[in-house]
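One structure below.
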Amino acid sequence: MVFLAFLVSGITWKLCLAVDRALKVRRMNMPVVPGGLPFLGQVLELIRMPPWDLMVQWMKKLGPIYRFTLFGESCVVVADPALLREVLQTSMKAFQKDLDFTYKPFMPLLGTGLVTSEGQLWYTQRAMVSAVFRIEILEIIPHIAKRAVERMCSKLEEVRGTGTPIEIGEMFRHLTLQVIAEAILSLSPEESDKTFAKMYLPIVTEGNLRTWYPYRAYLPTPANFAFHRHVKVLNDYITSIIEKRWTIRQLESKLSIPTNKRQQDILDRILSGVDTHTWSPSVVRQIRDEIKTFILAGHETSASMLTWALYELTQSEEITKEVMGEAERVFGKGATAMTPLPASETLVGLAFTQSCLKETLRKYSVVPIVTRETVRDVGLGGKYLIPKGTRMMILIQGVHHRADIWPAPLEFTPQRFQEAMPKPFTFLPFIDGPRNCLGQHLALLETKIVLATLVQRFRFEAVEGEGGREAGRKHPSMVPVIPDDPGLMVLVT
């Protein structure tokens, strides 16, 4: 009898919660995507095409805030700068990272790093990490980027004029991985290719597959076993680097050897803020997760940005000529591998090249959507009620493709970034607000040197992929957004 009463009360409580949530959903006071199936909601529509493209279509019909259902859950899509200011800044504590869905496939890489942490842990990490992206780190990035692009140029020279297609996207992935690995850990390009390229890239690829096919994480398949093996090898590898570096620094301190006797990298700067008395395996794990986060964020999006930017230049002779002219003014006419890198104040002259990269980030929105989850009931815009547990989808591509904010949004117009600074929360490749990307200046500095160098030295033409796949067509599911073909290019003499 007691058990029956307990069961009835439990069911009643759950029904009350369900009714309360249903009433709150009704009061959300926003347009709803029509159609859908019971429980599944709009899932069948979302898998028929790139979901962010479909969400932009819905935005054009329903407005910059609306909701739809996915597996029984309410999802709110926002593409309005004023509302995004509340989500990402003024009410950010009510909107936390969605670790159970969007980030879940990548948690083995991100761990408790800066991207996924919340609350006091995030504030502590942000303070620690922001210090390492000081001016002196940005001063060494151009030299690292120049060495990387010169290595790439040597490989490109081997196929110049042969008509042999090259997978430029894959070359950019290796280049940006080499740059970030040297900046963070002082790894040589050979070591980066031998380790990170073999361990990191398969993990990222499997993570993307798990985003769309979550069941992959639970099946005893060779791919699943390989994923866990790669993660363990990567963790052990980075942990060993951290521990060896700590030992070196302790020895330097004991022998009074100045640390500036060797090149300081980002790991050195992180370790300089760690007290000897607090050093422990948990500290090592935290630093390891930060490094994995830096590497993931520091190469995938930069490689995608370079791939799309170079593709757009192959579509416009006028824009290409302007980038070439700017490169000649900054690097010198006929610059080669032996030409010294200009001073930092001269590199500022690559302004139009940087505008091309920013326009690439706007048009292609290489990270088209990010999600948050509400941790309490919260009002938005003085008009909308967002119940606790709602998945908030920040439609970056939607903001970037709004014609009232960006006229002719599907046209590639770098000049728009030279005319005026974008208004807050209208240009979001690095997010906006307190959680904006710390590495954005590093990424733009690196990529403008790479892009300008390549355009000055070579003439590229985009070609169709295997089976006649159209050059410049977006991959339907990969994030960061990449071409559906491997980004094939040929070098013209």
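The values are calculated or read from the model by the stated rules, or taken from the named source; none is laboratory data. These numbers were taken from a predicted model, which means no experiment stands behind them. Cβ coordinates were reconstructed from backbone atoms using ideal geometry, including for glycine residues, and neighbour counts include every protein chain displayed.
Residues in segment 381-410 that are in contact (Cβ under 8 Å) with a residue 12 or more places away in the chain, within 24 Å of residue 313 (Cβ to Cβ) and assigned to a loop (DSSP other than H, G, I, E, B): how many?
4
How many residues does segment 161-188 contain that are in contact (Cβ under 8 Å) with a residue 24 or more places away in the chain, assigned to a helix (DSSP H, G or I) and surrounded by 20 or more Cβ atoms within 10 Å (Cβ to Cβ)?
Of the residues in that region, 15 qualify.
From the set of residues in segment 264-283 that are of a type outside the set (A, V, I, L, M, F, W, C) and not in a loop (DSSP other than H, G, I, E, B), which is nearest to residue 248 (Cα to Cα)?
The qualifying residue nearest to residue 248 (Cα to Cα) is 268.
Kindly indicate whether any position in segment 169-190 is more than 23 Å from residue 303 (Cβ to Cβ) and basic (Lys, Arg).
Within segment 169-190 (the criterion being more than 23 Å from residue 303 (Cβ to Cβ) and basic (Lys, Arg)), the answer is no, since none of the residues qualifies.
Only one of 332, 381, 325, 349 is small (Gly, Ala, Ser), closer than 26 Å to residue 59 by Cβ and more than 20 Å from the chain's Cα centre (by Cα); which?
381
Those residues that are of a type outside the set (Lys, Arg) and either free of Cβ contacts under 8 Å to residues at least 24 places away in the same chain or surrounded by 22 or more Cβ atoms within 10 Å (Cβ to Cβ) (or both), I need them from segment 356-373; list them, please.
356, 357, 359, 360, 361, 364, 365, 366, 367, 368
Here are 257, 287: which of them is within 24 Å of residue 191 (Cα to Cα) and not charged (D, E, K, R)?
Every option except 287 fails the conditions.
Which residue is nearest to residue 86 (Cα to Cα), if the candidates are limited to segment 411-428 and must be assigned to a loop (DSSP other than H, G, I, E, B), modelled with pLDDT of 95 or more and hydrophobic (A, V, I, L, M, F, W, C)?
Checked segment 411-428; the qualifying residue nearest to residue 86 (Cα to Cα) is 425.
Residues checked against (1) in contact with a Gly (Cβ under 7 Å, 6 or more places away or on another chain); (2) among the polar types (S, T, N, Q); (3) modelled with pLDDT of 95 or more:
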{"residue": "338", "(1), (2), (3)": "no, no, no"}
{"residue": "345", "(1), (2), (3)": "no, no, no"}
{"residue": "354", "(1), (2), (3)": "no, yes, yes"}
{"residue": "362", "(1), (2), (3)": "no, no, yes"}
{"residue": "388", "(1), (2), (3)": "no, no, no"}
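Suppose we keep only residues that are modelled with pLDDT under 90 and outside any helix (DSSP H, G or I) within segment 220-263. Which one would you say is nearest to residue 137 (Cα to Cα)?
So, considering only residues that are modelled with pLDDT under 90 and outside any helix (DSSP H, G or I), the one nearest to residue 137 (Cα to Cα) is 263.
Matching residues to (1) more than 26 Å from residue 484 (Cα to Cα); (2) of a type in the set (Val, Ile, Thr); (3) touching a helix residue (DSSP H, G or I) at 6+ places or on another chain (Cβ under 6 Å):
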| residue | (1), (2), (3) |
| --- | --- |
| 35 | yes, no, no |
| 47 | no, yes, no |
| 63 | yes, no, no |
| 67 | yes, no, no |
| 73 | yes, no, no |
| 86 | yes, no, no |
| 95 | yes, no, yes |
| 98 | yes, no, no |
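What pairs come out if I take residues in segment 306-324 that are in a helix (DSSP H, G or I) and pair them with residues that are basic (Lys, Arg) and crowded, with 24+ Cβ neighbours inside 10 Å whose C-beta lies under 9 Å away, six or more apart or interchain?
Final answer for the pair search is 307/173.
Please go through (1) more than 27 Å from residue 402 (Cα to Cα); (2) polar (S, T, N, Q); (3) at pLDDT 90 or above for residue 90 and return the number of the only condition it doesn't satisfy.
Of the numbered conditions (1) more than 27 Å from residue 402 (Cα to Cα); (2) polar (S, T, N, Q); (3) at pLDDT 90 or above, the odd one out for residue 90 is (1).
Would you mind finding the one in 470, 373 that is farther than 30 Å from residue 330 by Cα, at pLDDT below 95 and either part of a loop (DSSP other than H, G, I, E, B) or of a type in the set (Lys, Arg) (or both)?
One residue alone meets the criteria, 470.
Is there any pair with a first residue in segment 221-235 that is within 16 Å of residue 289 (Cα to Cα) and surrounded by 12 or more Cβ atoms within 10 Å (Cβ to Cβ) and a second that is of a type in the set (Val, Ile, Thr) and modelled with pLDDT under 90 whose Cβ atoms are under 7 Å apart and which are 6 or more apart or on different chains, and what are they?
These pairs meet every condition: 230/203; 231/203; 234/203.
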